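Data block below; observations after.
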Amino acid sequence: YVAPNRYVGVADAGLPGALPLISEDVIKQAITTSLSLNGEVQKYSRFDRKHYFYPDLPNGYQITQQFKPICKGGKIRIYENEILQTEYTSELDNNKPKKKVGKRKQKRKDEHEKRKSTKKMTEKILREKYGVVSVLDFHDKQGWKNNELLSDDQQLNDTLGKFKDITLTKLHVEHDSAQMFHDQHPDYTCIDLNRAGVALIEIVTDPIINSPQEASLFIKKLRQILQHTNTGNAQLEDGSMRCDIN
């Protein structure tokens with residue numbers, strides 16, 4: 001735990017005349033990440049100002065790479081049977097004997113039941129709109145391919161099942177904003193500038209993720225790559241890795 005607004009630089013707070021300086025380590029980590037994702041490192045890149053006014057952005061603009069990112073392209077390959085294995089494990093957890101739970105656990109249980117209900121509704125829409133009976137059948141129409149060229153070992157191919165490449169649009173460097181807390185005071189929004197101005201790597205995928213299962217598996221594989229290459233601890237719990245759906 002770090003106290004709010006303990007580590008705030010003059011550039012982070014947007015003080016007049018303060019100029020930011022790029023970190024060499026951030027550029028090295030961005031290049032390492034791009035290469036590990038089969039991306040293409042650009043010989044020329046630049047930073048841009050994205051102007052917008054919000055309480056968590058003291059400068060009034062964000063430093064980003066909107067037009068000339070440091071890396072383009074790349075992909076992460078996911079396999080059909082990895083999704084099946086995840087769903088099977090989840091089903092086993094659901095079939096465990098029920099126990100008496102407290103209020104907090106009961107709330108999580110209710111949220112899980114809500115997700116199950118949403119899944120049933122999704123499958124109903126798939127049946128009515130696309131004529132398929134499950135999300136995995138839907139994959140056949142959404143870019144999944146047979147992996148005959150993956151390996152000469154047919155047993156390995158059968159084990160992995162079909163594959164799909166989640167392709168990346170770009171990877172760029174930008175600076176982070178502050179954090180806003182709306183539940184600390186009844187009348188005010190509290191702002192913590194500790195992470196303001198910290199450099200981050202943003203990865204943008206192409207619009208080809210077509211199901212929650214694909215998105216979940218993509219994030220898990222990306223997290224493994226980042227941890228293996230030591231370009232980030234990728235802990236969703238502490239906010240060092242965040243995901244946005246657009």
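What the table below lists for this structure:
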{"quantity": "Within the stretch 170-216, tally of residues that are under 18 Å from the mean Cα position of the chain (by Cα), modelled with pLDDT under 90 and charged (D, E, K, R)", "calculated": "1"}
{"quantity": "Close pairs (9 angstrom Cβ cut-off, 6 or more residues apart or separate chains): without any contact (Cβ under 8 Å) to a residue 40 or more places away in the chain in the stretch 10-28, hydroxyl-bearing (Ser, Thr, Tyr) anywhere", "calculated": "Lys28/Thr231"}
{"quantity": "Leading residue by the ranking (nearest to the chain's Cα centre (by Cα)) among those in the stretch 12-34 that are surrounded by fewer than 17 Cβ atoms within 10 Å (Cβ to Cβ) and hydroxyl-bearing (Ser, Thr, Tyr)", "calculated": "Thr32"}
{"quantity": "All positions within the stretch 36-57 that are closer than 30 Å to Thr189 by Cβ, in a loop (DSSP other than H, G, I, E, B) and open to solvent by 50 Å² or more (accessible area, probe 1.4 Å)", "calculated": "Phe47, Tyr52, Phe53, Tyr54, Pro55"}
{"quantity": "Total residues in the stretch 36-51, condition over 23 Å from the mean Cα position of the chain (by Cα) and within 15 Å of Ile203 (Cα to Cα)", "calculated": "0"}
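To keep it simple, each residue is scored yes or no on (1) touching a Pro at 6+ places or on another chain (Cβ under 7 Å); (2) open to solvent by less than 50 Å² (accessible area, probe 1.4 Å); (3) farther than 23 Å from Gly60 by Cα.
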position	(1), (2), (3)
Lys162	no, no, yes
Asp165	no, yes, yes
Leu168	no, yes, yes
Pro186	no, no, yes
Val198	no, no, no
Pro207	no, no, yes
Glu214	no, yes, yes
Leu222	no, yes, yes
Gln227	no, no, yes
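The values are calculated or read from the model by the stated rules, or taken from the named source; none is laboratory data. Given the structure is predicted, the values throughout are model-derived calculations rather than measurements. Glycine gets a Cβ as well: all are built from the backbone with ideal geometry, and neighbour counts include every protein chain shown. In case anyone asks, the SASA skips ligands and DNA or RNA and just uses the protein heavy atoms, side chains included. Shrake-Rupley method; radii C 1.70, N 1.55, O 1.52, S 1.80 Å.
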